[in-house]
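A.B. asks: Take this structure first; my questions come after.
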Amino acid sequence: MRDFIQGLPKAELHLHIEGTLEPELLFKLAERNKVTLPYKSVEDAHKAYNFKDLQSFLNVYYARSQVLLTEQDFYDLTWAYLQRAHKQNVRHTEIFFDPQTHTERGVPFETVITGISSALKEAERTLNLSTGLILCFLRDLSAESAMKTLEQAVPYLDLIQSVGLDSAEVGNPPSKFVSVFDKARAVGLLTVAHAGEEGPPQYIWEALDLLKVSRIDHGVRCLEDEVLVERLKRDQVPLTVCPLSNIKLCVFESMKQHPIKKMLEKGLCATVNSDDPAYFGGYVNENYEGVVQALGLTQDQVVQLAKNSFVASFLSKDQKAKYIKEVEEYAKAPSPLPSVGEVDPQGRVRGR
Ligand code: HPA
Ligand code: ZN
């Protein structure tokens, strides 16, 4: 099944670009920008990965993001992720970025978005990988700060598909951001929100009804509310689930307890994603492998997850149909992967 997952065309829809900062690049950027790190070595930085909840992870994630200062830094970070995604046969990716993490430290919005977008354009040109960009508001900051961030984004709307909502969930419900999300939709952006990761099912209801989201990020706690499950199923609201993240942040005790198989069996449009792969032990394929191994997903269920990833994307109807056909053809006859370094006609490559 590992080879099957490797060759499977897939989309990734829940990926924080700041969460792809691997210790090696962290050290390289710290040196380049003369930032002092609280780690003696790359190995030392690799070890600091024991989180007890979302906040304990966010503390490390925000601290490390401070090495990101120049347009080149944001380009290098994004390019490193895109190359890895390409090697895992990710055909389309919609990535989150957290501008406030940077603008609050004095890094201009323009620096952040220009660096990230240049790498996305390069991937479209050279990696046969389509991309999208989602601006996330930090929900533990004020609604005013989010509104100011949206205003900064207005000159760059052609680069952004959607707004999102991330950071510390409990105590920061979607209802806090109604006016910002109203304004975002008014300027033509789509909306998504993290909800039901650590927060209650009520936050998922609010994201749907108040923020009018197209997708729920995480959403794993929906299973505590049967009426909500019915609503999500009826409207086929996609849920961007991140299995390794959920285990690392102690949302579930072990992968055997993870509800993704149950979610599929209930007819929900669940997808598999890596969230913050530099911190949670794997990129998207390792997330697929983790759930297959622990929960015994069938090959049909794995194919369903890959199809869902395109259905749930912000691609056009035609683009979705093209990618879904690729998945179906691959599932019928899983073709051997091309040789190392080669790209086959579907854009697939060999690598992990
Ligand atoms: N949840 C909330 N905020 C985040 C996450 C997450 O999983 N990753 C990065 N910011
Ligand atoms: Zn996330």
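A.B. asks: In the range 12-25, is there at least one residue being within 16 Å of ligand 1 (Cβ to nearest atom) and loosely packed, with under 15 Cβ neighbours inside 10 Å?
C.D. replies: Within the range 12-25, not a single residue is within 16 Å of ligand 1 (Cβ to nearest atom) and loosely packed, with under 15 Cβ neighbours inside 10 Å.
A.B. asks: Right, something else. Could you pull out the residue among 87, 28, 34 that is in contact with a strand residue (DSSP E or B) (Cβ under 8 Å, 6 or more places away or on another chain), farther than 30 Å from residue 237 by Cβ and either small (Gly, Ala, Ser) or at pLDDT 95 or above (or both)?
C.D. replies: After ruling out the rest, the residue left standing is 87.
A.B. asks: Another one. I need the full set of residues from the range 113-125 which are touching a helix residue (DSSP H, G or I) at 6+ places or on another chain (Cβ under 9 Å) and open to solvent by 20 Å² or more (accessible area, probe 1.4 Å), in order please.
C.D. replies: Within the range 113-125, 114, 118, 122 qualify.
A.B. asks: A further question on this structure: Would you call residue 118 within 16 Å of ligand 2 (Cβ to nearest atom) and either touching a His at 6+ places or on another chain (Cβ under 9 Å) or part of a helix (DSSP H, G or I) (or both)?
C.D. replies: On the way: within 16 Å of ligand 2 (Cβ to nearest atom): no; either touching a His at 6+ places or on another chain (Cβ under 9 Å) or part of a helix (DSSP H, G or I) (or both): yes.
Criteria not met by residue 118.
A.B. asks: Considering only residues that are farther than 19 Å from residue 247 by Cβ and either outside any loop (DSSP other than H, G, I, E, B) or open to solvent by less than 40 Å² (accessible area, probe 1.4 Å) (or both), which ones fall in the range 37-58?
C.D. replies: Matches in the range 37-58: 37, 41, 42, 43, 44, 45.
Residues checked against (1) among the hydrophobic types (A, V, I, L, M, F, W, C); (2) open to solvent by 50 Å² or more (accessible area, probe 1.4 Å); (3) more than 26 Å from residue 251 (Cβ to Cβ):
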residue: 128; (1), (2), (3): no, yes, yes
residue: 139; (1), (2), (3): no, no, no
residue: 151; (1), (2), (3): no, yes, yes
residue: 162; (1), (2), (3): no, no, no
residue: 165; (1), (2), (3): yes, no, no
residue: 168; (1), (2), (3): yes, no, no
residue: 174; (1), (2), (3): no, no, no
residue: 184; (1), (2), (3): yes, no, yes
residue: 188; (1), (2), (3): no, yes, yes
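A.B. asks: When only residues in the range 199-244 that are in a helix (DSSP H, G or I), within 14 Å of ligand 2 (Cβ to nearest atom) and hydrophobic (A, V, I, L, M, F, W, C) count, which is farthest from the chain's Cα centre (by Cα)?
C.D. replies: Here the residue is 207.
A.B. asks: Go through the range 1-30 and report how many residues are more than 14 Å from ligand 2 (Cβ to nearest atom) and either among the β-branched types (Val, Ile, Thr) or touching a residue at least 60 places away in the same chain (Cβ under 8 Å) (or both).
C.D. replies: Counting residues in the range 1-30 that are more than 14 Å from ligand 2 (Cβ to nearest atom) and either among the β-branched types (Val, Ile, Thr) or touching a residue at least 60 places away in the same chain (Cβ under 8 Å) (or both) gives 14.
A.B. asks: Additional query: Just to be sure I understand, how many residues within the range 224-248 are within 16 Å of ligand 1 (Cβ to nearest atom), open to solvent by 10 Å² or more (accessible area, probe 1.4 Å) and either among the hydrophobic types (A, V, I, L, M, F, W, C) or farther than 26 Å from residue 283 by Cβ (or both)?
C.D. replies: Residues meeting the conditions: 2.
A.B. asks: Looking at the range 61-99, which of its residues are under 13 Å from residue 133 (Cβ atoms) and either within 16 Å of ligand 1 (Cβ to nearest atom) or in a helix (DSSP H, G or I) (or both)?
C.D. replies: The answer is 74, 78, 81, 82, 93, 94, 95, 96, 97, 98, 99.
The values are calculated or read from the model by the stated rules, or taken from the named source; none is laboratory data. Everything quoted here is computed from the prediction, not taken from an experiment. Glycine also receives a Cβ, built like all others from the backbone with ideal geometry; neighbour counts cover every protein chain displayed. Ligands, DNA and RNA are stripped out before the accessible areas are found, and what is left, the full protein with its side chains, is counted by its heavy atoms. Shrake-Rupley method; radii C 1.70, N 1.55, O 1.52, S 1.80 Å.
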